[in-house]
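**Q** Sharing a structure, written as structure tokens. Questions coming.
The values are calculated or read from the model by the stated rules, or taken from the named source; none is laboratory data. Quick caveat: nothing in here was measured; it's all calculated off a predicted structure. All Cβ positions, even for glycine, are placed from backbone atoms using ideal geometry, and neighbour counts span all protein chains on display.
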């Protein structure tokens, strides 16, 4: 069969063929004929209508005696019998332009079985509530077209459909949420006339092993769609191939775990192939060259490994090649060279994104003259864009984001048909001039940013240059546009998306930019040095995002229209109160971040109107007063950060209604009272930071009972008293616990080893945890992007007593352990060497006794140690990590410690020069008995070594005469050889004139 030039034409050919079949049986219209419908069929249709729910009145014309004139009903122009029933919902969102519900629902009455000549039934895109496909449809044996797609059917596919032997078109595609039970495909075998089959979304796992054999019995099949069908077996071979006329094959989103089968490449009529979202592996087979008529190839989202270069050059009719989201490796040069071997390449779409392809983009890319869509994001390409890219005059879209490309060729500016240019997240460097953009007259979307905030790409464009394009979407990040606001935007009046983030602009927003009167969906000019007052004249569309963070704006907080949903104004110089009507002027706000400014006054009550709020960040200001009680209806709120202000009073009990709350950050305020028990309802809490306030009472035990997802618990610098609740040991995900600077008493719980988040050896999960100031390495540090890596346990500056529990050394992932300024007694656990990741260890100002365990010398990451002001004794270790811990203040206040770096010498130090021997005398955490055994073992090993070394050689020479003679003969030979060599070196050789 001669294929069409595009996939669309291929589908048109298919529809045309189907139309030929239908036209012989289906009439176009009955309006001008005198034939009326059969009374029995009219009554059947009335009964069918009565079972349906029709809120829009789509069946309001179903009145009167002549059912052939009813909407959606067609009759045979000779017999008057109903042959076509088309009740498809034409509105994909179930609503017409007026918002009227158009779907039909209810029950499908079996009265339709009376329609003996019905050959066309379309109930698609309606809503039948997950009910079973009626089995009686299998009795409508005249059916040639059946479309129930998107009609919300569930259950199983009735095997009775196998009785429809005349069926040419069958579409049961499920695109709804209703689950289906496992169905078999055996009933398909009898549908020998079938040309179109779509069973997407049905669970066909009962036929997972024999589905292909069943489909292979359909010799007339032209188009097959089995997507999301939970098929797992893709046979590599078939004894015989019957459906050789197949033009469209879509097996995407299944669970195939195999190589690409051989039989696939015998489908010579194929124009569209989609195998994406499976688990295919291995290289593309050699037989791929047989797909001479293939117009669209899609292997995306698989796990295909290997290189592509072998046979791609033979696919000269290929129009669309999609191999995205696989594990394809190798040099991109090989792939593009193969594709460009065709003298008249027809390739229009090239999608190799989300793979592991490497190398430079070669000049052969420019030979693909028909290319319209170049999509190769998320690979490992490097170097510059090739100059030949300017030859691709048909190119409309370029996506090369998330690679390692560095150079931008000037020939890019020759692509006059280019509408979308996305080259973001690379490592661009150099200079962009007008030449790079000069002929991009069709450009609508420009995305250009770097993978890092370091700026190495500079825009050097004349202030009077007028671009040939009119952009709607502009995103430039981490590139130098400044210091002036870019004047080449003066004529960009179609912009609705503007991101000029980290662009080194030191200016005010110019009047001409405001006069463009843009209707914006997003405005992001953060991380610049813009100053002055923010204009109130911006206009925004629905669901708009505004980000002016990290600039130098002054004055009061700006207020704009009610369409803004995300507003970020942090890190500026805004002052004055938060506008009291902010919640009324912008009621759709979901994200509000006005932190790191100089805002004063109280928190406005109008924020209570923001019922859709998800994040509220007002930290690092000068706010005062109490926290308002307006939390009951904030069901989506998950971040509340009011830290670093002067808020007073208590935590409102209504905060306990925030069931989705994950981050509650109230640190560094003047809050007092007890923590309300209503917060135990916040079971999704990830980070609870109430530090640096004036809270009193006992530590809330319910934190350990209800907040099982807690990662960070920070209650430092308050006035909590009593014991550490054993319930805290149930916080198995916790990796930061800071209870320091309170009035806690009692012992450290032995159940502390249950904090598995501090001892798991698995890979840390990278999750957003916000910002946190922590005390580590003797100073205050701010962690942000790497907070998830920080593991800390801080109980310092309390009144805790008892010994350091041995179980504490089970927390092997600890990075910081601070138990200083308590009343702890006993010895340092000898197993403290288990804390192999520890960097900061502070147990100063306690009553710890005994020696410093030798196991501490194995703590290779330890860089901050404080053992001062305890009752430690013995020799300070001088090996491994202790060689770097040479600050005397680490050990001061321990009268019994001696050795370097202290000035106190250890007893008997003048009798030995070996630091190790001194340690043997002075002991370690294992006691003097351990040292004696070590010394005895050392002496025994010396004696044994001498015996074996000396008597093993000399003894045998004394006892065995033949060995003794051989030994001394060997010594004599060695002596003679050495003497000869010395004579050659020092006695001059006689020259001929000396003879």
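**Q** Could we say that residue 221 is in contact with a helix residue (DSSP H, G or I) (Cβ under 9 Å, 6 or more places away or on another chain), surrounded by 18 or more Cβ atoms within 10 Å (Cβ to Cβ) and part of a loop (DSSP other than H, G, I, E, B) here?
**A** yes
**Q** Say we look at region 833-852 and pick out the residues that are out of contact with any strand residue (DSSP E or B) (no Cβ under 8 Å at 6 or more places or on another chain) and closer than 24 Å to residue 759 by Cα; which of these is surrounded by the fewest Cβ atoms within 10 Å (Cβ to Cβ)?
**A** If we take residues in region 833-852 being out of contact with any strand residue (DSSP E or B) (no Cβ under 8 Å at 6 or more places or on another chain) and closer than 24 Å to residue 759 by Cα, then 836 is surrounded by the fewest Cβ atoms within 10 Å (Cβ to Cβ).
**Q** Among the residues of region 653-687, write down those that are in a loop (DSSP other than H, G, I, E, B) and in contact with a strand residue (DSSP E or B) (Cβ under 8 Å, 6 or more places away or on another chain).
**A** Answer for region 653-687, where residues must be in a loop (DSSP other than H, G, I, E, B) and in contact with a strand residue (DSSP E or B) (Cβ under 8 Å, 6 or more places away or on another chain): 658, 661, 662, 666, 667, 669, 674, 675, 682, 685, 686.
**Q** Still on this structure, I have one more. Scanning for something at pLDDT below 90 and either surrounded by 19 or more Cβ atoms within 10 Å (Cβ to Cβ) or touching a helix residue (DSSP H, G or I) at 6+ places or on another chain (Cβ under 9 Å) (or both), does region 37-60 turn up at least one residue?
**A** Yes: one or more hits.
Residues are listed down the side, and each one gets a yes or a no for (1) part of a loop (DSSP other than H, G, I, E, B); (2) buried (at least 22 other Cβ atoms within 10 Å of the Cβ); (3) within 30 Å of the chain's Cα centre (by Cα); (4) without any contact (Cβ under 8 Å) to a residue 60 or more places away in the chain:
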| position | (1), (2), (3), (4) |
| --- | --- |
| 526 | yes, yes, yes, yes |
| 529 | yes, no, no, yes |
| 554 | no, no, no, yes |
| 561 | yes, no, no, yes |
| 567 | no, yes, yes, yes |
| 571 | yes, no, yes, yes |
| 574 | no, yes, no, yes |
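**Q** Here's another thing I want to ask about it. Taking the residues in region 869-896 that are over 21 Å from residue 815 (Cβ atoms) and touching a helix residue (DSSP H, G or I) at 6+ places or on another chain (Cβ under 8 Å) as candidates, determine which candidate is surrounded by the fewest Cβ atoms within 10 Å (Cβ to Cβ).
**A** Applying the filter and picking the extreme gives 879.
**Q** Given the criteria in contact with a strand residue (DSSP E or B) (Cβ under 6 Å, 6 or more places away or on another chain) and either at pLDDT below 85 or assigned to a helix (DSSP H, G or I) (or both), does residue 934 qualify?
**A** For residue 934, the condition - in contact with a strand residue (DSSP E or B) (Cβ under 6 Å, 6 or more places away or on another chain) and either at pLDDT below 85 or assigned to a helix (DSSP H, G or I) (or both) - is not met.
**Q** Residues that are over 21 Å from residue 663 (Cα atoms), part of a strand (DSSP E or B), at pLDDT 95 or above and touching a strand residue (DSSP E or B) at 6+ places or on another chain (Cβ under 8 Å): does region 579-597 have at least one?
**A** no
**Q** May I ask you to verify whether residue 359 is surrounded by fewer than 18 Cβ atoms within 10 Å (Cβ to Cβ) and at pLDDT below 70?
**A** No: the conditions fail for residue 359.
**Q** Of the conditions (1) part of a loop (DSSP other than H, G, I, E, B); (2) at pLDDT 80 or above, residue 276 satisfies every one except a single condition; which number is it?
**A** So residue 276 meets the others, but not (2).
**Q** Within the group 476, 509, which residue is within 20 Å of residue 423 (Cβ to Cβ) and touching a residue at least 24 places away in the same chain (Cβ under 8 Å)?
**A** Testing whether each residue is within 20 Å of residue 423 (Cβ to Cβ) and touching a residue at least 24 places away in the same chain (Cβ under 8 Å) leaves just 476.
**Q** Of (1) exposed (fewer than 15 other Cβ atoms within 10 Å of the Cβ); (2) within 23 Å of residue 464 (Cα to Cα), residue 533 satisfies all except one. Which?
**A** (2)
**Q** Please find, within region 181-194, the residue that is modelled with the lowest pLDDT out of those that are buried (at least 20 other Cβ atoms within 10 Å of the Cβ) and either in contact with a strand residue (DSSP E or B) (Cβ under 7 Å, 6 or more places away or on another chain) or assigned to a loop (DSSP other than H, G, I, E, B) (or both).
**A** Filtering first and then ranking leaves 183.
**Q** Considering only residues that are over 19 Å from residue 709 (Cβ atoms) and crowded, with 20+ Cβ neighbours inside 10 Å, which ones fall in region 720-738?
**A** 720, 724
**Q** Still on this structure, I have one more. Can residue 143 be described as closer than 19 Å to residue 231 by Cβ, in contact with a helix residue (DSSP H, G or I) (Cβ under 9 Å, 6 or more places away or on another chain) and free of Cβ contacts under 8 Å to residues at least 40 places away in the same chain?
**A** No, not satisfied.
**Q** Which members of region 234-251 meet the condition of being over 21 Å from residue 191 (Cα atoms) and crowded, with 20+ Cβ neighbours inside 10 Å?
**A** 234 - this is the single residue of region 234-251 that is over 21 Å from residue 191 (Cα atoms) and crowded, with 20+ Cβ neighbours inside 10 Å.
**Q** Here's another thing I want to ask about it. For residues that are touching a residue at least 24 places away in the same chain (Cβ under 8 Å) and touching a helix residue (DSSP H, G or I) at 6+ places or on another chain (Cβ under 6 Å), tally how many sit in region 531-552.
**A** Result for region 531-552: 1.
**Q** Among (1) under 18 Å from residue 740 (Cα atoms); (2) more than 39 Å from the chain's Cα centre (by Cα); (3) in contact (Cβ under 8 Å) with a residue 60 or more places away in the chain, where does residue 818 come up short?
**A** Of the numbered conditions (1) under 18 Å from residue 740 (Cα atoms); (2) more than 39 Å from the chain's Cα centre (by Cα); (3) in contact (Cβ under 8 Å) with a residue 60 or more places away in the chain, the odd one out for residue 818 is (2).
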